[in-house]
1. Given the criteria acidic (Asp, Glu) and open to solvent by less than 60 Å² (accessible area, probe 1.4 Å), does Asp49 qualify?
2. What's the number of the only condition in (1) assigned to a helix (DSSP H, G or I); (2) open to solvent by less than 30 Å² (accessible area, probe 1.4 Å); (3) at pLDDT below 90 that Arg187 fails to meet?
3. For Gly90, work out the one condition from (1) in a loop (DSSP other than H, G, I, E, B); (2) in contact with a Pro (Cβ under 8 Å, 6 or more places away or on another chain); (3) in contact (Cβ under 8 Å) with a residue 40 or more places away in the chain; (4) open to solvent by 30 Å² or more (accessible area, probe 1.4 Å) it doesn't fulfil.
4. Identify all residues within the stretch 60-81 that are within 15 Å of Ser397 (Cα to Cα) and of a type in the set (S, T, N, Q); write none if there are none.
5. Pull up the stretch 476-528, narrow it to residues that are assigned to a loop (DSSP other than H, G, I, E, B) and of a type in the set (Lys, Arg), then point me to the one that is farthest from the chain's Cα centre (by Cα).
6. Is there a residue in the stretch 382-389 that is over 23 Å from the mean Cα position of the chain (by Cα) and in a helix (DSSP H, G or I)?
7. When residues of the stretch 464-508 are filtered for being hydroxyl-bearing (Ser, Thr, Tyr) and surrounded by fewer than 15 Cβ atoms within 10 Å (Cβ to Cβ), how many remain?
Amino acid sequence: MQRRFLALIFSFAWILTAGFSAVVAQDLDPAFGDVVDVRVVNIEVVVEDRAGNRIHGLGPDDLTLTVDGEPMEISYFTEVRGGRALEGAGGVPTAPETMPGEAVGTRYLVFIDDFFSIDRDRRRVLRELADDLAYLRPEDRVAVVAFDGRRVDLLTSWTGSEGKILDALRRAERRPAFGLQRLAERRAFGRSFGRRFSRLPDTRLSVTERAYAGQIGEQTERAVDAAVATLRGFGRPAGRKVMLLLSGGWPDSPALFAADDLLRPLVAFDGYSGRDLYTPLIDTANLLGYTLYPIDVPGLEGDFGADVSLAGRQRDLSNRRSFEQERILHDSLYRLAEETGGQPLINGRRLSALERVADDTRSYYWIGFVPERRRDNDAHEVRVRAKAKAMKVRARSGYRDLSRALETNMEVESALLFGGAAAEGGLAVDLGAAQRDGRRFVQIPVELVIPTDALTALPSADGAVTARLELRIAALDERNRRSEISAVPIELTFDEAPPVGGAVAYETSVRLRRQPQDLVVALHDPISGRGLMTRLAVAP
């Protein structure tokens, strides 16, 4: 995945006050306390006949659900028809997020890829989205972000205001697009395509092809990382959740995309593969309950590098290669959609994307089940099938049993990327004067004032009272490069139960590069699940 460049090193000190001490705990004793976590995994299921028409009126007995190949009981079942939840069926309770008769809103998270998109193509798709805003309903909400290859910019957070959405889309149109640079790179690597069609097939990439495959793979990985960070940044809002992913051209296989001869067999290349590139995005979407609707920004009018200066058979083969490259770009969109229960919006369909997605998300079955929670971050395969063979089912393919640590990391990442109420002064933090630490780094003292009301203090064996927390500090620089987020366990010991309304001071320090950046400081109580967080600007 994306390489991280910020150094972020903790060094700890502690303040001793009467009857209080703090230490950095090496491990949290699992017997210290536990939280029974019962969480429903929701799956949105579309059922169609062989002609593609929606089938309504089914109940939980008409579907089978398996997790990792084992039958799983459907604990909750709701049919959403025309955007409204219907009464439960078959004696199974309705999904927790729905009420019979009420409208079910959809959250549309629009991710705009400026890095691969050509301005002409992107402008056309954005204007069609703007023209189709009438398909939204009052209960729907839209957020818009854009990625330029370096950072993710928030153009609007969740809003139901058509004016704010239009303003965000218009600002997106005015942003620089870098697709012509990607096209120039492709042409630079492809100048010799027309001279190699007569060679015998070679299963190995040339040096030039390997270089281009590595470059396009790294660029695609960067864009996928940005989409993953965006999903994590927006977390788990209520209601149906979809991401409209405007892709300027992400290849499913960088090696095949770089290969210069349609007659060649499998290309031997140990670099990026489609599964490696897109699994993080698929896993994150399934984890957070987002359905992906990838939009083919270039469409049929995109320029895939065919050289019009070639003549005869060479030009024909060059054009054929262009269509093969287009197919490889489309394969990634199919992969993202199929694994998350969505649909790819390719070629002409991209110009009615919002209309199609709105229609696709108005009628479906919302089923839920309660899995055994191990919180080990393992992926689990989910399969939903209709008992009637004439019915086709579309649903996401799995979920990940997320650990509390990773959930908290996602909250920190959200605050780092997009701020929000959770990061607005929830934790009192005072930064001291920066001290130089070599040529490129500084040490900054950090003092936290922790409210005792936020602690879960439990008796320990020696008669004292102990609270255990996890401290996370993350940094984001002006180029959108993020530090790794790691949890540091802290143990606070008191002679007696801390008073209500009191506070505890805790000191630490961070080592940062000497450049402006944002810090997010977060404390998490693994027993209660509560947390405090603050975002600060640092300019050493």
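The values are calculated or read from the model by the stated rules, or taken from the named source; none is laboratory data. Note that the structure is predicted; figures quoted are calculated from it, not measured. Here Cβ is always computed from backbone atoms with ideal geometry, including for glycine, and neighbour counts include all displayed protein chains. Ligands, DNA and RNA are excluded from the accessible area calculation, which covers all protein heavy atoms including side chains. Shrake-Rupley method; radii C 1.70, N 1.55, O 1.52, S 1.80 Å.
1. Details: acidic (Asp, Glu): yes; open to solvent by less than 60 Å² (accessible area, probe 1.4 Å): yes.
Yes.
2. Every listed condition holds for Arg187 apart from (2).
3. (3)
4. Thr64, Thr66, listed by residue number.
5. We begin by selecting, within the stretch 476-528, every residue assigned to a loop (DSSP other than H, G, I, E, B); these are 478-481, 483-487, 495-502, 514-516, 525-528.
Restricting the remaining residues to those that are of a type in the set (Lys, Arg) gives 479, 481, 514.
Numbers: Arg479: 19, Arg481: 16, Arg514: 29 Å.
Among them, the one singled out is Arg514.
6. Filtering the stretch 382-389 for residues over 23 Å from the mean Cα position of the chain (by Cα) gives 384-389.
Among the residues that remain, those that are also in a helix (DSSP H, G or I) are: none.
Taking every residue of the stretch 382-389 in turn, none turns out to be over 23 Å from the mean Cα position of the chain (by Cα) and in a helix (DSSP H, G or I).
7. The first filter runs over the stretch 464-508 and keeps only residues hydroxyl-bearing (Ser, Thr, Tyr), leaving 466, 483, 486, 493, 506, 508.
Those left that are additionally surrounded by fewer than 15 Cβ atoms within 10 Å (Cβ to Cβ): 486.
Residues that pass the stated criteria total 1.
So that you can scan it fast, the table gives a plain yes or no per residue for (1) surrounded by fewer than 19 Cβ atoms within 10 Å (Cβ to Cβ); (2) among the acidic types (Asp, Glu); (3) modelled with pLDDT of 95 or more:
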residue: Leu129; (1), (2), (3): no, no, yes
residue: Asp132; (1), (2), (3): yes, yes, yes
residue: Glu139; (1), (2), (3): yes, yes, no
residue: Val142; (1), (2), (3): no, no, yes
residue: Ala146; (1), (2), (3): no, no, yes
residue: Gly149; (1), (2), (3): yes, no, no
residue: Asp153; (1), (2), (3): yes, yes, no
residue: Ala168; (1), (2), (3): no, no, yes
